[in-house]
Amino acid sequence: FPPLPEKAPVGQLRDGSFSPYAGCLKFSQLPLSKKTKDGLAKANYKDMTDIQRASLPHALCGRDILGAAKTGSGKTLAFIIPVLEKLYRARWGPQDGVGCIIMSPTRELAGQLFEVLKSVGKYHGFSAGLLIGGRKDVDTEKEHVNDLNILVCTPGRLLQHMDETPNFNCSELQVLVLDEADRILDVGFKRDLNAIISQLPKQRQTLLFSATQTKSVQDLARLSLKDPEYLGVHEES
Ligand code: ADP
Ligand code: MG
């Protein structure tokens, strides 16, 4: 398992060459759909943060990502943008079911990133649902979960659907996001996470983000990522 470089050269590819988008500083310079660009502009996002500059050129090419950057560095957009673009390019529609699962350690964090998804994704037609414990009646949720394109969830609730919801189907999954992976593991979701990942199609893009690089994050990366791009960004502050 290669150690993370202290500071990943922004946009540098495996062979040492640079992505054509490596020098981009603004979202408007990236090859994004107009719907995503409009969503970003409407939410007033213009300049990329370091982790966004480092990871988006790779993630937009369909690569798996292991991104490590401290809290507050802008990891949310580093996965929400590739998720929207992946489904958009696949012409994902209402009939296509679950195309993306975004996993978050807590209900609160799931709720926050759901808001970002709704705001930046507002011009896309994707349906998205927040599947977290406690808040909503799980039986009502079970009737609708197969109609959602993007699931934002905590591991416990997702596993509950996998175990209990009749015909729950994620066989066409395009992207799996593991956000705040270090915290997902900290709060004791390791078993749930392994059980979930074992039930997902292997042919998918996986984006794993974490504030820290721990042994258990590396184990998770080994289990869930395919030939990933390792991006460690430590912003000067
Ligand atoms: P992390 O997940 O790394 O802790 P977040 O994605 O939650 O960070 O972002 C932290 C804050 O930075 C949020 O308030 C978010 O709106 C803001 N932010 C993220 N990306 C940008 C950007 N490109 N330009 C301006 N603000 C941003
Ligand atoms: Mg975050």
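Key figures for this structure:
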read-out	value
Residue ranges of helices (runs of 4 or more DSSP H) in region 103-204 with at least 1 members of a type in the set (D, E, K, R) and within 15 Å of the chain's Cα centre (by Cα)	107-120, 181-186
Matching residues in region 193-220 - criterion: being touching a Pro at 6+ places or on another chain (Cβ under 9 Å) and farther than 19 Å from Leu56 by Cβ	Leu193, Ala195, Ile196, Gln213
Among the candidates Lys86, Lys75, residue that is buried (at least 24 other Cβ atoms within 10 Å of the Cβ) and either within 15 Å of ligand 2 (Cβ to nearest atom) or among the basic types (Lys, Arg) (or both)	Lys75
Enumeration of residues in region 77-130 that are more than 20 Å from Pro31 (Cβ to Cβ), of a type in the set (Val, Ile, Thr) and either within 16 Å of ligand 1 (Cβ to nearest atom) or touching a Gly at 6+ places or on another chain (Cβ under 7 Å) (or both)	Ile102, Thr106, Val116
Number of positions in region 78-102 that are among the β-branched types (Val, Ile, Thr) and not in a helix (DSSP H, G or I)	3
From Thr154, Thr140, Thr165, residue being exposed (fewer than 15 other Cβ atoms within 10 Å of the Cβ) and β-branched (Val, Ile, Thr)	Thr140
Which listed residue is within 16 Å of ligand 1 (Cβ to nearest atom) and acidic (Asp, Glu), from Asp182, Asp163, Asp139	Asp182
First in region 135-150 and free of Cβ contacts under 8 Å to residues at least 60 places away in the same chain, second anywhere and basic (Lys, Arg) and part of a helix (DSSP H, G or I), Cβ under 9 Å, 6 or more apart	Arg135/Arg107; Val138/Arg157; Glu141/Arg157
Matching residues, region 56-77, being assigned to a loop (DSSP other than H, G, I, E, B) and either charged (D, E, K, R) or under 23 Å from Arg183 (Cα atoms) (or both)	Arg63, Asp64, Lys70, Thr71, Gly72, Ser73, Gly74
Hits in region 43-72 (condition: out of contact with any His (no Cβ under 7 Å at 6 or more places or on another chain) and β-branched (Val, Ile, Thr))	Thr49, Ile51, Thr71
Qualifying residue in region 208-225 (condition: within 20 Å of Leu113 (Cβ to Cβ), within 16 Å of ligand 1 (Cβ to nearest atom) and over 16 Å from the mean Cα position of the chain (by Cα))	yes
Unique residue being closer than 28 Å to Phe126 by Cα and hydrophobic (A, V, I, L, M, F, W, C) when the list is Val175, Val217, Val187, Val233	Val175
Single match in Gln213, Gln218 (criterion: at pLDDT below 95 and within 16 Å of ligand 2 (Cβ to nearest atom))	Gln213
Residue within region 107-124 that is in contact with a Phe, Trp or Tyr (Cβ under 8 Å, 6 or more places away or on another chain), within 14 Å of ligand 2 (Cβ to nearest atom) and not β-branched (Val, Ile, Thr) present	no
Search result, residues across region 39-55 that are in contact (Cβ under 8 Å) with a residue 24 or more places away in the chain, assigned to a helix (DSSP H, G or I) and more than 15 Å from ligand 2 (Cβ to nearest atom)	Gly39, Leu40, Lys42, Arg53, Ala54
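The values are calculated or read from the model by the stated rules, or taken from the named source; none is laboratory data. Quick caveat, the model's predicted, so the values are computed rather than measured. Virtual Cβ from ideal backbone geometry, glycine too; neighbours counted across all protein chains shown.
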